[in-house]
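The values are calculated or read from the model by the stated rules, or taken from the named source; none is laboratory data. Please read all numbers here as calculations on a predicted model, not as lab measurements. As a convention, Cβ positions derive from the backbone with ideal geometry for all residues, glycine included, and neighbour counts pool all protein chains shown. Remember, those area values only see protein heavy atoms, side chains included, never the ligands or the DNA or RNA. Shrake-Rupley method; radii C 1.70, N 1.55, O 1.52, S 1.80 Å.
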There are 2 protein chains.
Amino acid sequence: MSGRVTLALDSMGGDHGAGVVVPAALSILKKRDDIDLILVGDEQLLAEHLSDVEPAIGDRIRVHHASQVVGMDELPSQALRGKKDSSMRVAINLVKQGEAQACVSAGNTGALMATARFVLKTLPGIDRPAIICPIPAKGGHTHMLDLGANADCTAEHLVQFAVMGSALANAVHDMDSPRVGLLNIGEEEIKGTETVRDASQLLGESSLNYIGYVEGNDIFSGDVDVVVSDGFVGNVSLKTMEGVAKMIGAYIREEFSRNLFTKLLGLIAMPVLKALRRRTDPRRYNGASLVGLQGIVIKSHGGADVVAYENAIRIAALEVEKDVPARISRLLANEEKERQGV
Amino acid sequence: MSGRVTLALDSMGGDHGAGVVVPAALSILKKRDDIDLILVGDEQLLAEHLSDVEPAIGDRIRVHHASQVVGMDELPSQALRGKKDSSMRVAINLVKQGEAQACVSAGNTGALMATARFVLKTLPGIDRPAIICPIPAKGGHTHMLDLGANADCTAEHLVQFAVMGSALANAVHDMDSPRVGLLNIGEEEIKGTETVRDASQLLGESSLNYIGYVEGNDIFSGDVDVVVSDGFVGNVSLKTMEGVAKMIGAYIREEFSRNLFTKLLGLIAMPVLKALRRRTDPRRYNGASLVGLQGIVIKSHGGADVVAYENAIRIAALEVEKDVPARISRLLANEEKERQGV
């Protein structure tokens, strides 16, 4: 499928605001002529950033003024009540109003989730939106959710996450029947918590391709396409990945800078080390989706640079093309029929 | 402190049984003349393995017969009821009877925990034993618990874990006032679950050096000495670490074997790659402690090789020397006094 896509960018959010969003926007417009962008934020500031843009690009970008900015540490409730003209809120409003088909924000996750949920509402049949992200795995990647939106979950929530994850993996990656695994531990007689066991039973009865329990190391095995957990477990696992990757990166640097000989080795081996860094570059995975909403909202990492932010824009465009919310709705309706034995 | 230490080894447990336990036992006896060992398992089989041992070593090792073996997939309840003469159970009995000061088993974790708890009982003031393990971190390592014994935990359980972790870090690593962090997520307005928030309040009122919430990536930062979570979250985090490390290891191998040039680079860089592998070698971290029991029980990884198993034996000896259970009891008593305002 193709056609033009219009995306709204919260141009003030994140650690770097317009300093990253504008260059990323201009860069993507040069590469993709099917994308139009609305930069949401301080009009004057954005005009300065856009002062010397070539007309061919400038025609496909416009500024939508928003007078406020949500702080990175601001409480979601505060942002919701007190920042009705924030760049984040206005960008989401544009999606609601149909002026944009998706929005991207590097602003604080809690505020983004609360605002998106308030403005766009959840899809029928979804109690709680979740955060989903691709994770590198053997031979490709897997999708993992929830990554931090919902600390406490019921079995029914976990099943809804599984449906959303399946629909997204199917839509975005053309996976016919994504293998869904439920994150659990393997040590005890009766595995895991009651919630997880109940969810496992429900998933077994669903029409999803449920393959059963998976453990933390299975995320990377290539044997599962969608890994489901509550947001507490998912977030700890995600942050653990970041921590381990960073530590091993530091080990590699340390070992290659130990003495003159190893430094020389590091120089000679540079092409390999660069290839390695590319493969473990978290920027390639920037862009988490808030799924379960009546609209597409992509969260970029707060500290994302231009390359990383571009990736988040690309994900937004892809989800628009693939019409992810509609796919989720269809799969939910299927599940509902299945359950009623229709 | 010094003195002789007698350890009982479940010589039939794990994926390799006596094939790993006996060589590891003989190797450690050569290196450490303060250790005596009791090999628990099939008398005849073990006698064969020990047939050509030199007398100086042979004098410090004896076999204690046990007629049964707990299977790696056996249910804890089955092992508890049906395997009263298993090598695992008998090794734990020897600790109970004072014939050994600690035991080591590579047998299945669930059965080991259930049997140890049944035979040795928990320390007064401890509701549930936990599994704790050192994790590599910047500038050294941190201790993390619970790693899978308790999927569901109350705030009080988490506080008990914190006390046990502090006592162990203090005893085994001479840390004066170990920094205790509670594993949590940072995305939401009211962070984490109610249980975690309640535990945080209790820890704040305790005499422990509680530094507040930490996230998954902080485990490796070097800024925290004891990371506390329930066994579900802890186990997922631990397994996630294993998975990421394994995947990055595979990436490194792949990149260095891409073509003739990179293979050559790999050969030249071998000393550095070996140093790197040493640092990330999970065998160096083999040996998890079951803490909170009236006795010392060390769990070796089921697939541990000789080097890894030796490490688990060393940890057992160290915990005996440092008298970990007594330290935990003292710290618990202190906490109790503190709470009563004495």
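How much accessible area does B:H65 have with a 1.4 Å probe, in Å² rounded to the nearest 10?
Rounded to the nearest 10, that gives 80 Å².
Could you grab the relative contact order for chain A? Cα pairs under 8 Å, six or more apart, rounded to a whole percent.
Values: 667 pairs, mean separation 75.9, N = 342.
Computed over chain A, the figure is 22 percent.
For region B:49-90, state what percent of all Cα-Cα pairs lands in each successive 10 Å bin, counting from 0 Å until the bin that includes the largest distance.
Going from the shortest bin to the longest, the percentages are 26, 34, 24, 15, 0.
Of B:H16, B:H173, which has the most accessible area with a 1.4 Å probe, and how do the rest follow in descending order?
Heavy-atom accessible area, descending, gives B:H16, B:H173.
Can you give the accessible area per residue of region B:130-282, in Å², using a 1.4 Å probe?
Here the residues of region B:130-282 average 39 Å² of exposed surface.
With both partners inside region B:114-223, how many of the DSSP beta bridges are antiparallel, as a percent to the nearest 5?
Rounded to the nearest five, the antiparallel share is 55 percent.
Find the relative contact order for region A:135-211 and round it to a whole percent, using C-alpha pairs within less than 8 Å whose residues are 6+ positions apart.
Relative contact order, region A:135-211: 30 percent.
With the contact rule set at Cα under 8 Å and sequence spacing of 6 or more, what percent relative contact order holds for region A:130-282?
Answer for region A:130-282 is 29 percent.
Counting pairwise Cα distances across region A:130-282, what percent come out greater than 21 angstrom?
50
Springs between alpha-carbon atoms under 10 Å, Gaussian network over chain B: tell me which of B:R179, B:R330, B:R283 tops the mean-square fluctuations.
Looking only at B:R179, B:R330, B:R283, the biggest GNM fluctuation is shown by B:R330.
Taking each residue of A:226-239 in turn, how many C-beta atoms of other protein chains fall within 10 Å of its C-beta, and what is the average?
Working: counts 0, 0, 0, 3, 3, 5, 15, 9, 2, 9, 15, 9, 5, 11.
Counting Cβ atoms of other protein chains within 10 Å of each residue's Cβ and averaging gives 6.
Counting only pairs 8 or more residues apart or on different chains, how many lysine pairs in region B:130-282 have their Cα atoms under 30 Å apart?
9
Using helices alone, what [θ] at 222 nm do you get for chain B, with -39,500 (n - 2.57) per DSSP H run of 4 or more residues, divided over all residues and rounded to the nearest 500?
Counting only the DSSP helices, I get -15000 deg cm²/dmol.
How big is the gap, in Å, between the Cα center of region B:190-234 and the Cα center of region B:1-35?
Going from one Cα centre to the other spans 35 Å.
HN-Hα J couplings of region B:272-289 from phi, Karplus 6.51/-1.76/1.60, θ = phi - 60°, integer Hz, Gly and Pro as x?
Going residue by residue, I get 6, 5, 5, 4, 5, 5, 4, 5, 9, 5, x, 4, 5, 10, 6, x, 9, 9 Hz, with x marking Gly and Pro.
Summing +1 for each Lys or Arg and -1 for each Asp or Glu, what net charge is found among the other residues whose Cβ lies under 13 Å from the Cβ of A:I315?
Every neighbour counted, the sum reads +3.
Top mean-square fluctuation among A:V244, A:V180, A:V306, Gaussian network model of chain A, C-alpha springs under 10 Å?
A:V244
Assume the label is 7 Å from Cα along Cα to beta carbon: what separations in nm does A:D223 have to the matching positions in the other copies?
3.6
Tell me the carbon and sulfur percent of the accessible area for chain A, rounded to whole percent, probe radius 1.4 Å.
Heavy-atom surface of chain A belonging to carbon and sulfur, 1.4 Å probe: 50 percent.
Given the whole protein assembly as supplied and a 1.4 Å probe, what does the accessible area of A:F232 come to in Å², nearest 10?
10
In Å, what Rg and Dmax follow from the Cα atoms of region A:223-342?
So, for region A:223-342, Rg and Dmax equal 20.4, 72 Å respectively.
List the aspartates and glutamates whose Cα lies under 18 Å from the Cα of B:K30, skipping any in the same chain that are fewer than 8 positions away.
B:D52, B:E54, B:D59, B:D305, B:E310
With a 10 Å cut-off between alpha carbons and a GNM built on chain B, which of B:A114, B:A250, B:A326 moves the most?
B:A250
Convert each backbone phi in region A:64-75 into a coupling constant with the Karplus relation 6.51 cos²θ - 1.76 cosθ + 1.60 (shift: θ = phi - 60°), then list the ³J(HN,Hα) values in order as whole Hz, x for Gly and Pro.
10, 5, 9, 8, 10, 10, 7, x, 5, 10, 5, 6
Skipping prolines and chain starts, which residues have an amide H placed within reach, meaning under 5 Å, of the one on B:R179, given they are 5 or more residues away or on another chain?
B:D225, B:V226
Please report the accessible area of B:Y285 (heavy atoms, 1.4 Å probe, ligands and nucleic acids excluded) in Å², nearest 10.
50
May I ask you to compute the full-extension gain from B:E242 to B:E99, defined as 0.36 nm times their residue separation minus their alpha-carbon distance, rounded to one decimal in nm?
47.9 nm
Check A:G14: other-chain or 5+ apart residues with amide H under 5 Å from its amide H, H built from backbone geometry?
A:A106, A:G107, A:N108
A plus B alone minus the pair: what accessible area, both sides summed, probe 1.4 Å, in Å² to 100?
Its buried surface, counting both partners, is about 5300 Å².
Which FRET efficiency value, to the nearest 0.05, is calculated for A:R81 and B:K31 with the Förster distance at 56 angstrom and r the Cβ-Cβ distance?
With R0 = 56 Å, the Cβ-Cβ based efficiency is 0.25.
Which whole number gives the average, over all residues in B:249-256, of C-beta atoms from other chains lying within 10 Å of the residue C-beta?
Details: counts 1, 2, 6, 7, 0, 4, 10, 5.
Across the residues of B:249-256, the mean count of other-chain Cβ atoms within 10 Å is 4.
Tell me the distances, shortest first, between A:D198 and the same position across the other copies, using label points 7 Å along Cα→Cβ, in nm to one decimal.
Between copies, matching label points for A:D198 lie 1.8 nm apart.
If Lys and Arg each add +1 and Asp and Glu each add -1, what is the summed charge of the other residues whose beta carbon sits under 15 Å from the beta carbon of B:K30?
Its environment carries a net charge of -3.
Let me know the shape class of chain A, please: from the alpha-carbon gyration tensor, a ≥ b ≥ c as square roots of the eigenvalues, rounded when a/c is under 1.5, otherwise prolate if a/b is greater than b/c, or oblate.
oblate
Take the Cα atoms of region B:1-148, find their three principal axes, and give me the spread along each one in whole Å, biggest first.
Over region B:1-148, Cα extents along the principal axes are 45, 44, 28 Å.
Cα gyration tensor of region B:109-148, axes a ≥ b ≥ c as square roots of the eigenvalues: rounded (a/c below 1.5), prolate (a/b > b/c) or oblate? Mind dumping the intermediate values first?
Details: a/c = 3.69, a/b = 2.14, b/c = 1.73.
Prolate, since a/c reaches 1.5 and a/b exceeds b/c.
Apply the Karplus parameterisation 6.51 cos²θ - 1.76 cosθ + 1.60, with θ equal to phi minus 60°, to every residue of region B:125-134 and state each ³J(HN,Hα) to the nearest whole Hz, in sequence, with x for glycine and proline.
Calculated HN-Hα couplings, in order: x, 10, 7, 9, x, 9, 10, 10, 8, x Hz.
Let me check something: with ligands and nucleic acids excluded, how do A:D127, A:D42, A:D146 order by accessible area (1.4 Å probe), largest to smallest?
These residues rank, largest area first, as A:D127, A:D42, A:D146.
Can you give the direction-averaged projected area of the convex hull of the alpha-carbon atoms in the protein assembly as shown, in nm²? Write out the running numbers ahead of the final one.
Numbers: hull surface 139.4 nm².
Average projection, Cα convex hull of the protein assembly as shown: 34.9 nm².
Between A:G212 and residues 5 or more places away or on another chain, which pairs have amide H atoms under 5 Å apart, with H built 1.01 Å from N, and which residues are they?
A:L182
At A:E254, with labels set 7 Å past Cα in the Cβ direction, how many nm apart are the copies from this one, shortest first?
2.6
What list of whole percents do you get for P(r) of region A:1-80, with Cα-Cα distances grouped in 5 Å bins up to the one holding the largest distance?
3, 14, 26, 23, 15, 10, 6, 3, 0
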